[in-house]
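A short write-up of the structure that comes next.
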Amino acid sequence: MEKIPVSGPSITEKEIAYVTAAVTAAWYGQANVFHQRFEEEFAAYLGVRYAVALPSCTAALHLALAALGIGPGDEVIVPDITWIATAAPITYVGATPVFADIDPRTWCLSAASLESCLTGRTKAVIPVDLYGSVPDMDAMSAIARRHNLAVIEDAAEAIGSEYHGRKAGSLGDVGVFSFHGSKTMTTGEGGMLVTDREDLYQRVLALRDHGRRPGDKMFWNTEVAFKYKMSSMQAALGLAQLERLEELVEHKRRIFSWYRRELSGVAGLTLNYEAPGTKNTYWMVTAIIDPKLGLAKEDLLEQLGEYGIDGRPFFHPLSSLPAYAHLPRARRARQRNQVAYNLSPWGVNLPSGLNMDEEKVAYVCQTLKRLLSLAIIPGYQESCLEEKRAVL
Ligand SMILES: Cc1ncc(COP(=O)(O)O)c(C=O)c1O
């Protein structure tokens, strides 16, 4: 069997036709036709007023912070478990990231920890829809309202996820998405910023275009800003993917259901959680292995690799990274964020690409079960059952 990659897209004749049309004709007076359709249809899908196509989600986060006027002296709270792209743009604008703990079930920002991290300098919070799971956004919004914080929802990994009937990414002042090649819908590299706020939308349009306000006279820059634009070919690819999004999301959920069926009842393993009232799109099927088995994520990934199975480690807490070693707030986070530090060493992302079929999932699960059974210590299975009975 060929190596099973951890992620990857679904590309059909539709995508090829749209990109071909863009590279053939989206020039001169037609240069923006695909951007316009992509942005309009994306906003309609999300149920928001504005969408801006960008070269990456990192750029979207940077613009969101800049448009909100966040800068030196300000603090922005992020979950300790996420990709560094959530936090790096806080440094770009000169503010300070503060790493809060995560919820043990959704693996997303914990509202209680968010509250405990607030100071007089906190200006914004960036909840992350980790691996397609959505945090308790009602609690986040209530805290944000009480403390006058902006909410930037990092939905990079959660296109199609839902929270009480609303789409992930539409739940804060600003939402951001990634269309990196590993994501549920892709433009190769790319991102989108969405908002209902006219003021933020106008500010983002100027900031992403070297400080030129839309409609101003030509080459007239009112400030020094950024150049963050997506190409027509990427917008065409994104449009084709968006028009197939229901199918892509459904397949993601089907892949997860195969894993759940194959792994149900396996002792010592916890998969992604779907909180009541939410729809998880399972960008990455993720298994947390009971620490009692002593099978650290790096070891398990190496063993899976020997069977041709590609995986990824659960994110390391940001506060544990050398990149943030100099921050006093990171030192405090290392002591405070018990959930992040207890889960992270034992989590692996399993192959979740859109090319996964039932047979491949069965192979990954059989292999995983074999590796777990080798790690199982005598009496472990019984002790798990007893623990479960005690809970019931
Ligand atoms: C949670 C999260 N935020 C932000 C990003 C950044 O996305 P991009 O690579 O498009 O800049 C990613 C990308 O993987 C991500 O997973």
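The values are calculated or read from the model by the stated rules, or taken from the named source; none is laboratory data. Small disclaimer: the values here were computed from a predicted structure and weren't measured. Neighbour counts run over all protein chains shown; Cβ positions are idealised from the backbone, glycine included. Note: areas computed on protein heavy atoms with side chains; ligands, DNA, RNA excluded. Shrake-Rupley method; radii C 1.70, N 1.55, O 1.52, S 1.80 Å.
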Taking Cα atoms of region 1-109, Rg/Rh with Kirkwood Rh, to two decimals?
1.08
Cα-based Kirkwood hydrodynamic radius, region 33-77, one decimal, Å:
12.2
Estimated inter-spin distance, Ala142 and Ala296, nm [label 7 Å along Cα→Cβ]
4.0
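Return the carbon/sulfur percentage of the accessible area of the chain, one whole number, probe 1.4 Å, all protein chains in place.
Whole-percent figure for carbon plus sulfur exposure: 54.
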Compute from the Cα atoms of region 74-206 the Rg and the Dmax, the latter being the longest Cα-Cα distance, and quote both in angstrom.
13.9, 40
Considering only Cα-Cα distances, which of the following residue pairs are longer than 31 Å: Lys227/Lys252; Lys14/Lys369; Lys123/Lys227; Lys183/Lys297; Lys123/Lys167; Lys123/Lys292?
Lys227/Lys252; Lys14/Lys369; Lys123/Lys292
Principal axes first, then extents: for the Cα atoms of region 126-202, list largest minus smallest coordinate on each axis, whole Å, largest first.
39, 29, 19
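Using a 1.4 angstrom probe, figure out how much accessible area region 65-104 has per residue, in square angstrom, rounded to the nearest whole. List each step's numbers first, then the result.
Values: 1070 Å² over 40 residues.
I get 27 Å² per residue for this part.
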For region 258-263, in order, what is each residue's ³J(HN,Hα) by Karplus, 6.51 cos²θ - 1.76 cosθ + 1.60 with θ = phi - 60°, in whole Hz (x at glycine and Pro)?
5, 4, 4, 5, 5, 9
To the nearest 0.05, the calculated FRET efficiency linking Ala31 and Thr222 through their beta-carbon distance, R0 being 22 Å, is 0.40
Any chance you could list the semi-axes, whole Å, largest first, of the equivalent ellipsoid that the Cα gyration tensor gives for region 309-370, using √(5λ)?
34, 12, 8
Assigning unit charges at the beta carbon (Lys, Arg +1; Asp, Glu -1) and nothing else, what dipole magnitude in debye, to the nearest 20, does region 17-168 show about its Cα centre?
340
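Per-residue ellipticity at 222 nm for the chain, helices alone: DSSP H runs ≥ 4 residues times -39500 (n - 2.57), over residue total, nearest 500 deg cm²/dmol? Before the final figure, lay out each step's value.
Details: 14 runs with 157 residues, N = 392.
It lands at -12000 deg cm²/dmol.
Using mean Cβ contacts within 10 Å as the protection proxy, how do 95-102, 319-326, 27-34 order, highest first?
Values: 95-102: 24.1, 319-326: 14.6, 27-34: 13.0.
Answer by packing, highest mean first, reads 95-102, 319-326, 27-34.
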So what J values fall out for region 184-189 if you push phi through Karplus, 6.51 cos²θ - 1.76 cosθ + 1.60 with θ = phi - 60°, rounded to Hz, Gly and Pro as x?
4, 10, 10, 10, x, 10
Please list the three semi-axes, largest first and in whole Å, of the ellipsoid equivalent to the chain, using sqrt of 5 times the eigenvalues of its alpha carbon gyration tensor.
36, 27, 17
Over region 130-265, give the accessible area per residue in Å² for a 1.4 Å probe, as an integer.
41
